[in-house]
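Just so you know, all these numbers are worked out from the coordinates, no wet-lab data involved. All figures in this text were calculated on a predicted structure; none of them were measured in a lab. Glycine gets a Cβ as well: all are built from the backbone with ideal geometry, and neighbour counts include every protein chain shown.
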Amino acid sequence: MYEPRQANLTPEQKDIEQILNKKGYSNGSKPTVMVVHKLSRKLTLYRGVTPLKTYAVVLGNDPYNDKLRQGDTCTPEGVYRVVCKYPHQKWTYFILLDYPNTQNWLRFGRAKKAGRVPAEADIGGAIGIHGTEDPVKNLSGQNWTKGCVSLLNRDLEEIYPLVTEKTLVVIKKD
């Protein structure tokens, strides 16, 4: 069980603690965790439950809703793991998340069954964290991705070495 040695944890740190417990991390381990807040457009990097730094991000064109299907330009919400990371010609680096995960598939299936998603719709994929080819868009705070989380290249270059496969990424509306 993951039991941090810090007292007086913030609500977000308590959430991270619960996620680490649920994911089977042992006491004393300090995995990298990234928490993205969609409405405030921030990504906070944690080592265990200790915050290291917060970065400005931009998201999909529709930051208010949870991603349901390919093409909806929403950024998904939930707990994800990094699948892999690699240099990318357009985005400097790309950190691929395990979207869609089981929760996303269940939600997609329910929406399709209820007729909220066209029968021919696909759930999509290739959601991740990446840099930008146009820093002006990110600096202006304009949401422009198709569902990914975008940082300035210099910020992504700071984060990239700390990320490994299986790094947890929590994407929240608030």
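Amide H contacts for residue 41 (H built 1.01 Å from N in the peptide plane; partners 5 or more residues away or on another chain; cut-off under 5 Å): none found. Between 126, 56, 114, the Gaussian network model of the chain with springs among Cα atoms under 10 angstrom shows the greatest mean-square fluctuation at 114. So what's the net charge close to residue 148: Lys and Arg +1, Asp and Glu -1, counting the other residues with Cβ under 15 Å from its Cβ? Around residue 148, the charge tally is -1. Take the Cα of residue 66, step 7 Å toward its Cβ, do the same at residue 139, and the gap between the two points is 3.6 nm.
The 3J(HN,Hα) values that the Karplus relation (6.51, -1.76, 1.60; θ = phi - 60°) gives for segment 159-174 are, in residue order, 6, 3, x, 8, 8, 10, 4, 5, 4, 7, 10, 9, 10, 10, 5, 7 Hz. Gly and Pro appear as x.
Note: the chain, Cα convex hull, 114 Å³ per residue.
From Cα pairs below 8 angstrom and at least 6 apart in sequence, can you work out the relative contact order of the chain, rounded to a whole percent? If you can, show how the numbers build up before the last one.
Details: 355 pairs, mean separation 48.2, N = 174.
So the answer I get is 28 percent.
PRE reach from residue 50 (point 7 Å along Cα→Cβ): which of segment 12-41 fall under 14 Å by backbone N? 28-33, by backbone N distance to the label point. Between 76, 11, 63, the GNM of the chain built on Cα springs shorter than 10 angstrom shows 11 fluctuating the most. When DSSP beta bridges are restricted to pairs lying wholly in the chain, around 75% turn out antiparallel.
Taking 0.36 nm per residue of sequence separation and removing the Cα-Cα distance, the residue 10/residue 110 pair yields an extension gain of 32.6 nm.
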